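Notes follow the structure.
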Amino acid sequence: MSSILDVAKVAKVSKSTVSRVLSGNNYGVSEETKIKVEKAAEEMGYVKNYLASSLRTNQTKTILLIIPDVSNNFWAEVARGAQDYFDKMGYSLILANSDGDNNKQLKYLKMAQRNKVDGILINTNDTLLDEIQNTGLPFVLIGNANSTSRFPRVSSDSYEGIKRALEYLYDNGHRKIAMVSPSNKDSALSKVSNRVNSYSDFLESHKMEFKEEYFFCCQPNLKDGEELAVKISKMQNPPTAIIAANDLFAAGFINEAVRRKIRIPEDISVIGVDDIPLASMINPKLTTLEKPKHLLGKVAAETIISVIKGEEVIQNNKLPVNLIIRESSKSI
C-alpha cells in the first residue's frame, strides 16, 4: 500500500505538502501543486490511514445518523441531504435504522461511544435526551419539534404547517376535522407535540370543541392507515376531513376507504404530511404538507459540524412547510 512519502516522491513535493493537500488543508499550496499531488495519489492508489489520523487528531470524520425508517422516502431524502453535505466536508456517514424503538436507539448510542464517532444526528423522543447527552458526544436532534429547547434541533415547522392545513379545511366548510398524531396518546396530549398543539390552538381560536373521537394516535405507516379507515367506516358521525400521520398513512387510509366504498374526497377529505413521491402517484392524488426533506438533512449536517467546532448554532431551527393542494380534498 502506498504511503504519503511515496506520493511525495512521485509528485516531487515535500511530505508535508502532500499531507496538507490530502487532508483538505490547501493553505500555501498552489492549484498546480494541488492537482499534481491529487493525480499522483490517484495513480498510486493511495488510501488514507484514517485510524492513524484519528489517533493523532482525536477525530474520526464520521457522523452517526439514527432515523426511524430508512424505507420511508422522507427519511431516505433526509439522509441523502446529510450525506451530500458530509461528502463535501470530508466526513463519512453511518446510517442506523431504529424503527422508532428506544432500545435500538440506545444500542446505537452505545456503539457511537465505543467507536468514537465525531457526532450524532438522531430522530428520537424526549425520553432519551439524557442518555444521548451522557454519551459525551456532540449531537443534533432532527424532527419532532417541540417545547424542548436546551439542545440543538433542526425540524420542519409542523405547527405552522398543520395550522395552514386546518385553516384551508375550515375555509372550505369543514368543521368535523380529525387529527392523527404519530406519537402515543399520553405524549401527544402532554403538550410536547407541535402538531397536536397546533390542532388544539386552532380549535380554541375557532371556538370549536375538542372531540376525542376525532383524535387518533397511530403509527405512521400503511397498515395503521388502513386500520383507521376501517374504524372510521363504522362511526355513526364520521369526520368530513382528516389530517394523516404522514403520506404513507394517508395512502393506506385512502386505499382501504375506497375499498369500503368511502369516496375520497366527496365523503372525507384527506391531507397527508411529507409530500413523498407516492403522494402524487396514488388515486386521488394526495393533498399534503410538503416538508423540505433534502434541506432538512443538509441543515442538520451543517449544524452538527458547527457544534463539533464549538460554534454557535440556532437552538431550534424550524424550516418552512408548504401546503400542496391536490385531489384528495375539497370544499363541502
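In the chain, the longest principal axis of the Cα atoms and the axis of helix 158-171 are about 30 degrees apart.
Pairs of alpha carbons in region 197-282 separated by more than 15 Å make up 58% of all such pairs.
Expressed to the nearest 5 percent, the antiparallel share of DSSP beta bridges inside the chain is 10 percent. Scanning the chain for GluC sites (Glu not before Pro) that sit in a DSSP loop and have at most 13 other Cβ atoms within 10 Å, the longest stretch containing none of them is 1-208. Counted residue by residue at 0.36 nm each, then reduced by the alpha carbon distance between them, the extension gain from THR127 to ASP201 reaches 24.2 nm. Taking only the alpha carbons of region 184-332, we obtain Rg and Dmax values of 17.5, 58 Å in that order. A Förster radius of 41 Å, combined with the Cβ-Cβ distance separating ILE35 from THR135, puts the computed FRET efficiency at roughly 0.50.
Peptides 313-319, 276-282 ranked from most to least packed by the mean count of surrounding Cβ atoms within 10 Å: 276-282, 313-319. Database remark: amide H of THR287 closer than 5 angstrom to the amide H of GLY272, ARG326, GLU327, SER328, SER329 (H placed geometrically; neighbours at sequence offset of 5 or more, or on other chains; Pro and chain starts carry no H).
Which is the longest stretch in the chain that no exposed loop site breaks, taking sites as chymotrypsin sites (Phe, Trp or Tyr not before Pro) with a DSSP loop state and at most 12 other Cβ atoms within 10 Å? Could you put the intermediate results ahead of the total?
Numbers: sites that count: TYR27, PHE210.
Longest stretch, sites excluded: 28-209.
Of the residues VAL273, VAL13, VAL299, the one that moves most in a GNM of the chain with alpha-carbon contacts below 10 Å is VAL13. Entry note, the chain: the mean residue ellipticity at 222 nm calculated from DSSP H runs of n ≥ 4, each adding -39500 (n - 2.57), is -13500 deg cm²/dmol after division by the residues and rounding to the nearest 500. Counted by Cβ distance under 14 Å from LYS330, the other residues give a net charge of -1, where Lys and Arg count +1 and Asp and Glu count -1. Checking the Cα-Cα distances for LYS110/LYS298; LYS12/LYS116; LYS163/LYS231; LYS15/LYS110; LYS88/LYS116 against a 28 Å cut-off, the pairs over it are LYS12/LYS116; LYS15/LYS110. Which angle from 0 to 90°, rounded to the nearest 10, does the C-alpha axis of helix 293-308 make with the longest principal axis of the chain? Taking the Cα atoms of the chain, the angle to 293-308 is about 50 degrees. Per residue, the convex hull spanned by the alpha carbons of the chain comes to 158 Å³.
Laboratory data are not the source of any read-out in this text; all were calculated from the coordinates shown. Everything numeric here is computed off the predicted structure, so don't read it as measured data. Cβ sites come from the backbone with ideal geometry, for glycine too, and all protein chains shown count toward neighbours.
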